[in-house]
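Each remark here refers to the structure printed beneath this line.
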Amino acid sequence: MGSLVGETETRTRQALAIADAMAPSLVFVDEIDKALSGVQSGGRSDGGVSSRLFGSLLSWLSDRTSDVFVIATCNDISSLPPEFARAERWDAVFFLDLPSTREKSAIWDLYISQYGLDPAQRRPMDRSWTGTEIRACCRLARLLDLSLVEAARQIVPVAATAAEAVERLRTWASGRCLSGEAPGLYHRPGGEEPGMTSGRTGRRVGRDGPSAN
């Protein structure tokens with residue numbers, strides 16, 4: 001974003017031109033919903049600068065012929081206009097839910113090794129934890145010379161502090177996004193339709209009666 005009239009649009013075109021000139025290349029945009037946060041307000045708050053920036057990006061995503069692969073992360077894609085995620089602009093839109101037990105085990109191993117902790121010690125209950133909470137627990141255990149279980153008492157997972165927001169994102173993504181964990185569409189845990197495959201488990205639910213569980 002620039003302070004002068006037209007500067008933001010010029011910078012946007014220059015950045016996209018550089019990406020094209022560097023092809024083959026990979027462009028990674030972290031938290032793109034924050035970068036485009038002014039789009040929904042139209043021209044009411046910034047004179048239409050964000051809308052023009054957004055339009056330039058959409059045109060480039062659709063029309064580029066250069067060998068540039070674009071990856072973007074987004075905490076809340078529902079806050080962006082629907083045309084942003086349509087086909088031909090993105091090859092796929094994935095939803096990454098909270099990590100599974102297997103994934104969290106790998107994350108524990110990574111940070112226990114990184115912080116030089118005892119790998120044999122008991123690990124705390126990590127239900128609804130993300131990788132960030134696991135890292136914070138290991139860092140606290142190292143800094144305060146605590147066991148992982150003791151350090152975990154100081155951790156409140158975001159899935160608890162923002163439970164409503166997490167559930168809202170799951171509901172929005174269910175049936176709209178591909179699962180980041182298993183092949184096929186993502187389906188909210190506990191909200192699968194009969195005969196559909198859950199993106200979290202990959203297990204098919206039968207139509208003729210309750211599951212074996």
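The values are calculated or read from the model by the stated rules, or taken from the named source; none is laboratory data. Everything numeric in this text was worked out from a predicted model, so none of it was measured. Note that we place each Cβ from the backbone using ideal geometry, even for glycine, and neighbour counts take in every protein chain shown.
Tell me, which residue of segment 6-36 that is surrounded by 14 or more Cβ atoms within 10 Å (Cβ to Cβ) and either modelled with pLDDT under 80 or not hydrophobic (A, V, I, L, M, F, W, C) (or both) is nearest to Val93 (Cα to Cα)?
Among residues in segment 6-36 that are surrounded by 14 or more Cβ atoms within 10 Å (Cβ to Cβ) and either modelled with pLDDT under 80 or not hydrophobic (A, V, I, L, M, F, W, C) (or both), the one nearest to Val93 (Cα to Cα) is Asp33.
Is at least one residue of segment 148-157 closer than 13 Å to Tyr115 by Cα, at pLDDT 90 or above and not β-branched (Val, Ile, Thr)?
yes
Given the conditions (1) more than 16 Å from the chain's Cα centre (by Cα); (2) loosely packed, with under 13 Cβ neighbours inside 10 Å; (3) among the small types (Gly, Ala, Ser), which single one is not true for Ala152?
(2)
In segment 74-110, what residues are in a helix (DSSP H, G or I) and of a type outside the set (D, E, K, R)?
Of the residues in segment 74-110, the ones in a helix (DSSP H, G or I) are 77-79, 82-85, 101-110.
Selection gives Ile77, Ser78, Ser79, Pro82, Phe84, Ala85, Thr101, Ser105, Ala106, Ile107, Trp108, Leu110.
Quick one: Arg127 ticks every box in (1) assigned to a loop (DSSP other than H, G, I, E, B); (2) under 27 Å from Phe95 (Cα atoms); (3) in contact (Cβ under 8 Å) with a residue 12 or more places away in the chain bar one, so which box is it?
(3)
Show the residue pairs meeting these rules: Cβ distance below 6 Å; 6+ apart or different chains; first residue within segment 8-23 and free of Cβ contacts under 8 Å to residues at least 24 places away in the same chain; second residue surrounded by 12 or more Cβ atoms within 10 Å (Cβ to Cβ) and part of a loop (DSSP other than H, G, I, E, B).
Arg11/Gly2
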